[in-house]
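Some notes on the structure that comes next.
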4 protein chains.
Amino acid sequence: MASLIEKIRKDQIVNTAISAIAANGYVNTPLSEIARRAGISKGVISYYFGSKDDLVRNVIDRILQDEKAYLSEKIARGENPKEKLLVYIRSSFSYMETNRQNFEAIVDLWGSITTHEKKLDFNKRSYDPCRNILGKIIREGIEKGEFADRDVRLTASIIQAMIDGMMIQWIFDASAIDLEKASLAVEESVRCYLFKKS
Amino acid sequence: MASLIEKIRKDQIVNTAISAIAANGYVNTPLSEIARRAGISKGVISYYFGSKDDLVRNVIDRILQDEKAYLSEKIARGENPKEKLLVYIRSSFSYMETNRQNFEAIVDLWGSITTHEKKLDFNKRSYDPCRNILGKIIREGIEKGEFADRDVRLTASIIQAMIDGMMIQWIFDASAIDLEKASLAVEESVRCYLFKKS
Amino acid sequence: MASLIEKIRKDQIVNTAISAIAANGYVNTPLSEIARRAGISKGVISYYFGSKDDLVRNVIDRILQDEKAYLSEKIARGENPKEKLLVYIRSSFSYMETNRQNFEAIVDLWGSITTHEKKLDFNKRSYDPCRNILGKIIREGIEKGEFADRDVRLTASIIQAMIDGMMIQWIFDASAIDLEKASLAVEESVRCYLFKKS
Amino acid sequence: MASLIEKIRKDQIVNTAISAIAANGYVNTPLSEIARRAGISKGVISYYFGSKDDLVRNVIDRILQDEKAYLSEKIARGENPKEKLLVYIRSSFSYMETNRQNFEAIVDLWGSITTHEKKLDFNKRSYDPCRNILGKIIREGIEKGEFADRDVRLTASIIQAMIDGMMIQWIFDASAIDLEKASLAVEESVRCYLFKKS
DNA sequence: AATGAATGAGCTTTCATTCAT
DNA sequence: AATGAATGAAAGCTCATTCAT
């Protein structure tokens, strides 16, 4: 990412791509549509991204990094594992609420990850970081005696699963899921599954 | 569904489509590839399904109905809400194990559900039936005093979320998730979240 | 080449491609132009040839095979090496006269043979067969004592070089070369270089 | 050609273009590639040459003029028509040997000469000068009684044809032609075709 | 004199769909 | 009931050319 203008253009294109994909789906979003929405010519996209695949990779990375940054910043304020874990859950849901587009896009883009190799790569960029954050909190909680002694990775997986699973239901029908209540339910579930009675 | 031969052909095409989509992704699966794999001509697919969209709808329905039938049959054997719920969870995971292809296809096909309208339709065909099954079990459990008095729909959502969330992680990296352990963890989580201490 | 219709279509497309390339050059002949001239849709070309490269390969092969067939048929009538060799030369020039398009196309297509590998392949399909025909005649002539004892391959190369070299000058300016005189001159040159005085 | 810097820049670009075209072919050599190889920006090429066509014209001229200068300088040393002619042949082959790139480029660029008009222009810049040089030598030889009394233009054409024809075979497969032997064979052929027995 | 971001026309290629057989 | 040749719209991508800096 050499020049400033390059960074700005790439950002602009990635953001426009997210909106377009969220609105119409990856399959129905040709580069020309992204260009049209961004008010630029088709060529610019190829100029900066080389291929549609590369653009999509950038879109996915952007979405995931943004969320990770948001969550990291939030949990950093938590004073102990219990609080951090609850903050992670709450923040995940509040981030959804204000960034629906991103999740519409990402669920859609799962369909663009076609090969086994790409899936593993996506996994490494997507789930592993989340599970690692959760894993660290859980491990710390267990060590400090705040949490029950459970399998760290598995517990991270299941907590993430609850969040993602709710997200998906919400994506397919926003009216079916009240994110606030969902957050509370997940918190409660985690509390009784993981927290030691104090 | 007029004749027998029609039913057989449609079944054959739908099954082949599932394999092809699971293997290469919806985006990379032209009708010609499905025809090739099925050993028939392209024309037949259009003849029976009218459009690729229609075929995809049939594929999705088939996958969801198969799973629903499997789960319904299993939970029917459960003698009480607790058992039924545990059976639902276990069966969901065991069904995953033996039908990976179906889940690879369905996650991929999410990307082909592009409009708001289609999403709602998919939701109605996919999540509502599952949540209804779960809802019934939960309601019964609460009424019989086996379960804590929780919001039925929300609880159904969260249980389904755990299952779906684990499924997704497993789809993107099978080696990251041990389905058997995952099933046990979900069961345990549900036990402590919903079951009354006996 | 399965069906009859396939053969006809491929022939039609290849022939049209030769005309188009001869007229406008490979660089300025998009598939759409070939389709337009043939009165078919662009898709058909891809349908039968897969790629433009494949079409070009077929064009080259067609041109070379046609010429080789023509020459082979002609020299078969020659009764002895001397006569065969003179027939080869005369026929090469008379074939040029009536098939200018083919030579315009082939000279143009040299520019589409870009890699070292493709060049060697072209060489094998183009020059080797000609040099082999000539080589056989020359070898026979030497053995029978009609020809001077010269290096067979080199002599074949030099005779082919005269023919090709004249062809190129003729392609770039038809009015600069009188093919009939050119043929006689090449014959005369070969006579004094190779034939034993009788 | 106004300033010195302009001349240097144009030379640099033309030389780089020759290398690039020889390596990858005209079709696969965008201006950006030439710019990259020359370590300059794309804009400069347009700045100095106006269009790609113009650059190509310059490339062709450069190649032909270089060769012509080389040959002219060599034959100037010849003391009589016979010697001059042999020097022309030998020098043509030795020039090939040390400038393969140029010939790879020129054969490739034939495909970029698409219109009848361009072909005539190329002819005038390429073959006519060579045939003129040869023609002058031959005419002088005939007048001085060293050569047989043959058609001057035709004889020039045939000698040039031998050289060019060998060159082409050598371009498509360097291992098929030994330039030194080729040169000797052409000399020998010319000797018996044109030289009077002394 | 030089850059390189931006353009957009034009290319090859893919593929759902149609339809004569 | 089935075929597969044919269509043509639409896609991704390339690249000569322009132009503000």
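Some points to look at:
- With respect to (1) more than 7 Å from chain C (Cβ to nearest Cβ); (2) over 22 Å from D:Tyr70 (Cβ atoms), the lone exception for D:Asp173 is condition (1).
- Yes/no for B:Arg131 being surrounded by 16 or more Cβ atoms within 10 Å (Cβ to Cβ), more than 20 Å from A:Glu104 (Cβ to Cβ) and at the interface with chain A (Cβ under 9 Å from one of its Cβ atoms): yes
- Boolean, A:Tyr88 is buried (at least 16 other Cβ atoms within 10 Å of the Cβ) and among the hydroxyl-bearing types (Ser, Thr, Tyr): yes
- Qualifying residue in the range B:50-66 (condition: in the same structural domain as B:Val186 (by TED's automatic domain parsing), more than 15 Å from DNA strand E (Cβ to nearest atom) and in a loop (DSSP other than H, G, I, E, B)): no
- C:Ser112 vs. criteria within 29 Å of D:Asn28 (Cβ to Cβ), within 14 Å of the chain's Cα centre (by Cα), hydroxyl-bearing (Ser, Thr, Tyr) and facing chain D (nearest Cβ under 8 Å): no
- Flag for B:Glu143 being free of Cβ contacts under 8 Å to residues at least 24 places away in the same chain, more than 10 Å from every other protein chain (Cβ to nearest Cβ) and either farther than 16 Å from A:Ser157 by Cβ or open to solvent by 10 Å² or more (accessible area, probe 1.4 Å) (or both): yes
- Remark: D:Asp108 falls outside the filter, which requires a residue to be open to solvent by 40 Å² or more (accessible area, probe 1.4 Å) and acidic (Asp, Glu).
- The residues of the range B:1-10 that are without any contact (Cβ under 8 Å) to a residue 24 or more places away in the chain and charged (D, E, K, R) amount to a single one, B:Lys7.
- In the range A:14-48, the residues that are near DNA strand E (Cβ under 9 Å from one of its atoms) and either touching a residue at least 24 places away in the same chain (Cβ under 8 Å) or surrounded by fewer than 15 Cβ atoms within 10 Å (Cβ to Cβ) (or both): A:Ser32, A:Ala38, A:Gly39, A:Ile40, A:Ser41, A:Lys42, A:Gly43, A:Val44, A:Ile45, A:Tyr47, A:Tyr48
- Taking the conditions (1) assigned to a helix (DSSP H, G or I); (2) at positive phi in turn, B:Arg90 satisfies each one other than (2).
- Test: residue in the range C:146-156 that is more than 8 Å from chain D (Cβ to nearest Cβ), within 18 Å of the chain's Cα centre (by Cα) and either open to solvent by less than 30 Å² (accessible area, probe 1.4 Å) or in contact (Cβ under 8 Å) with a residue 12 or more places away in the chain (or both): yes
- Any hit, the range A:176-196, residues being touching an Asp or Glu at 6+ places or on another chain (Cβ under 6 Å) and at pLDDT 95 or above: yes
- Residues of the range A:79-106 classified as more than 10 Å from the chain's Cα centre (by Cα) and touching a residue at least 40 places away in the same chain (Cβ under 8 Å), total: 16
- Residue match in the range A:115-125 (condition: open to solvent by 30 Å² or more (accessible area, probe 1.4 Å), in contact (Cβ under 8 Å) with a residue 60 or more places away in the chain and under 12 Å from the mean Cα position of the chain (by Cα)): yes
- The sole residue among C:Glu73, C:Glu79 that is open to solvent by 70 Å² or more (accessible area, probe 1.4 Å), over 26 Å from C:Leu4 (Cβ atoms) and away from DNA strand F (no atom under 16 Å from the Cβ) is C:Glu79.
- Residues satisfying the stated conditions in the range D:159-184, i.e. open to solvent by less than 10 Å² (accessible area, probe 1.4 Å), among the β-branched types (Val, Ile, Thr) and within 21 Å of D:Leu86 (Cα to Cα): D:Ile159, D:Ile163, D:Ile168
- Count - residues of the range D:4-63 that are within 14 Å of chain C (Cβ to nearest Cβ) and of a type in the set (D, E, K, R): 3
The values are calculated or read from the model by the stated rules, or taken from the named source; none is laboratory data. On a predicted model such as this, the values are computed, not experimentally measured, just so you know. No Cβ is skipped: glycine too gets one built from the backbone with ideal geometry, and neighbour counts run over all protein chains shown. Accessible surface is based on the protein model in full, side chains and every heavy atom, while ligands, DNA and RNA are left aside. Shrake-Rupley method; radii C 1.70, N 1.55, O 1.52, S 1.80 Å.
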